[in-house]
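Presented below is the structure to which this report refers.
The values are calculated or read from the model by the stated rules, or taken from the named source; none is laboratory data. None of these values were measured; they are calculated from a predicted model. Here Cβ is always computed from backbone atoms with ideal geometry, including for glycine, and neighbour counts include all displayed protein chains.
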Amino acid sequence: MKKYYKKISLILLCFFSMLRIEAQGTTSNVQSVQPKIMVIPCVKEGEDLRTILESDVNKRIAITKIKEAFDSRGFTTVDFVAKLKSAKDNNIFTSENQTDIKDQIVQMSGADIYVQAEISDLHSSSGNSVTVVMTAYEASTGNSLSNKVGESGKFYTDDFGKLASKSVESVSQEFLNVMQNKFTDIVNNGKSLNIDISFAQGSAYKMSTEVAPENLPLSDQIEEWMEKNAYKNNYHIQGTTDMRMILDDVKIPLKDANGKNYNPNKFALEIFKFFKSLNMQTEKDIKGNTIYITIK
């Protein structure tokens, strides 16, 4: 009987050990798909991203509250103000264009996602209120992941900081859930790019040109390469003519083999190498989540 109980105890011990290991693995997987996030203020015409928070305490409070909402869910966050100060101190800005400044800060932050927050306040005889518009973007492609509008409701108070907090709290959970689901899908299935391949004026090539070493039409060789190199073979050819090929929803991985962010520029480089292997000269240009390839 004692041997029997010992066997039962051993079986139960093994069972609970397996459960504990499995639970630890599940926790690890959940953590591994959580993105690094940075919250940045929305810039309107005439505003400077580098000084926008210095003159408006309510915007600073709203940005902080959004960041706190991410922190409370266990996300890794990047402090926008700290990154901005570092960029100023190191004089990294190469342009006065606000879009370029934003892109440079996002790139140097190492964030997977940036959340743009637009804060506006309303004064009226029936009470004051604050509205926050939050939009999450995948950092390397600019694809939108989640967007919500938060309303504080009207109150007879001049504490716009509190109103900003209320507006963020009203939608933060739903906003985070949508964003997390979209990001998890990116981790599992890759992020989407568009690729536009065309020919320079006077080019000796067309999509129907048979190209060595396979001596297959160029369009077929491009498709074979995409099949091998798109993440999990996921891509879609929107249309092909003799002078152009457009691919949409081409998937690339979130991270490279070294765990670093994989971006459209890296995939464009691989395309460039592919055409070079065919002894073809190309130009590449990247705008947002679209890669433009021009064959000379």
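For this structure, a couple of remarks:
- Residue count, the range 75-103 (criterion: modelled with pLDDT under 85 and in a loop (DSSP other than H, G, I, E, B)): 8
- Condition check for residue 51: part of a loop (DSSP other than H, G, I, E, B) and either modelled with pLDDT of 80 or more or under 27 Å from residue 177 (Cα atoms) (or both): yes
- With respect to the stated conditions, residue 216 is without any contact (Cβ under 8 Å) to a residue 60 or more places away in the chain and either buried (at least 16 other Cβ atoms within 10 Å of the Cβ) or among the aliphatic types (A, V, I, L, M) (or both).
- Extreme residue, nearest to residue 74 (Cα to Cα), among residues of the range 23-47 that are part of a loop (DSSP other than H, G, I, E, B) and modelled with pLDDT of 80 or more: 35
- Flag for residue 63 being over 26 Å from residue 255 (Cα atoms), crowded, with 20+ Cβ neighbours inside 10 Å, at pLDDT 85 or above and not assigned by TED's automatic domain parsing to the domain that holds residue 255: yes
- Residue 205 vs. criteria assigned to a loop (DSSP other than H, G, I, E, B), on the phi < 0 side of the Ramachandran plot, touching a strand residue (DSSP E or B) at 6+ places or on another chain (Cβ under 9 Å) and of a type outside the set (Val, Ile, Thr): yes
- Residue-level analysis places residue 215 among those that are out of contact with any Leu (no Cβ under 8 Å at 6 or more places or on another chain) and at positive phi.
- From the list 106, 168, 115, the lone residue that is touching a residue at least 24 places away in the same chain (Cβ under 8 Å), surrounded by 15 or more Cβ atoms within 10 Å (Cβ to Cβ) and part of a strand (DSSP E or B) is 115.
- Exclusive hit being touching a helix residue (DSSP H, G or I) at 6+ places or on another chain (Cβ under 9 Å) and either over 28 Å from residue 57 (Cα atoms) or in a strand (DSSP E or B) (or both), set 186, 246, 222: 222
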